[in-house]
Amino acid sequence: MAKKKLDVGDQKAEDEKMVEDVTEQTKPESAEIEKPVDKTEEKKASDKSKKTKVKASKQSRRAKPSGRRQRSKKYQDSIKDLDKDQQYPIDEAIKLVKDSSYSKFDGTFTLHIQLSKSKKKDEAIRGTIKLPHGTGKKQKIEIVSIDLIEKIQKGYSDFDVLIASSEMMPKLAQVAKILGPKGKMPNPKDGTVSDNPEQTAKDLDQIAPYRMDAGRNLHINVGKVSWENAKIAENIAVVLKALTHHKKDSVTLSPSMGSGVKIAL
């Protein structure tokens, strides 16, 4: 009986070894143990791929064949007979600008003056010019009073220009932090500090303010498209005369909507 049990045990061991041999033989030699997939890394790679595609799409939409912003058909039509590199006398420039204007409203004529470079550091050029026919822009004007200061402290700011007498300027200090960021603080250089604020308010529609921007440009309104050419020409002549002491690289006249025309210096 003992010998029989030993034979059964040996047979079982032999069967198990045979199974192991068959499994080893059928297993592909190149098989590797499958590694668990890192879902976090997979998501990061997917998100990065999406961002790259979105960025490429935006760049594609922004890209223009000529490298310049495409202008509207109305604008293109307005300049088809215009030589943009040529400089014109004032009267002819006004006519050309009127022809190029395509706004449905009464557009504004603006004079763009490119000042020459200066060796002066932190140069600030600003001031006002009184035009014979005004700018064509109607402004809501307030004159400083104690009552108005109290209203401003409570949030009132429904005005375009604030005029103050010299005596009232110190009292405006309490609202300077409100008016300053809005560009509504009276300033002698802007003509909004006056010993006769009532008269200044009446004349203000004739006053054209100017201030040099970072590109050394001055932008001054000189009339409306509907005005007679002679009125616009007189305003332009006054502006150029008032700024004769500033060296200019170019002077361009343009409407609210339409092409600019260079004026002969």
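Some values worked out for this structure:
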| item | result |
| --- | --- |
| About the Cα centre, charge dipole magnitude for region 138-205 (Lys/Arg +1, Asp/Glu -1 at Cβ), debye | 340 debye |
| Local electrostatic count at PRO197 - Lys and Arg +1, Asp and Glu -1, tallied over other residues with Cβ under 11 Å | -4 |
| Distant-in-sequence amide H partners of ILE163 (H built 1.01 Å from N, under 5 Å) | GLU142, ILE143, VAL144 |
| Kirkwood Rh (inverse of mean 1/r, distinct Cα pairs), region 115-265, angstrom | 17.2 Å |
| Quotient of C-alpha Rg and 2.2 N^0.38 Å, computed over region 138-205 | 0.99 |
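We did not get these values from a lab; they are worked out from the coordinates using the rules stated. Bear in mind that the values here come from a model prediction, so they are computed numbers and not experimental data. With ideal geometry, Cβ positions are generated from the backbone for all residues, glycine too; neighbour counts draw on all protein chains shown.
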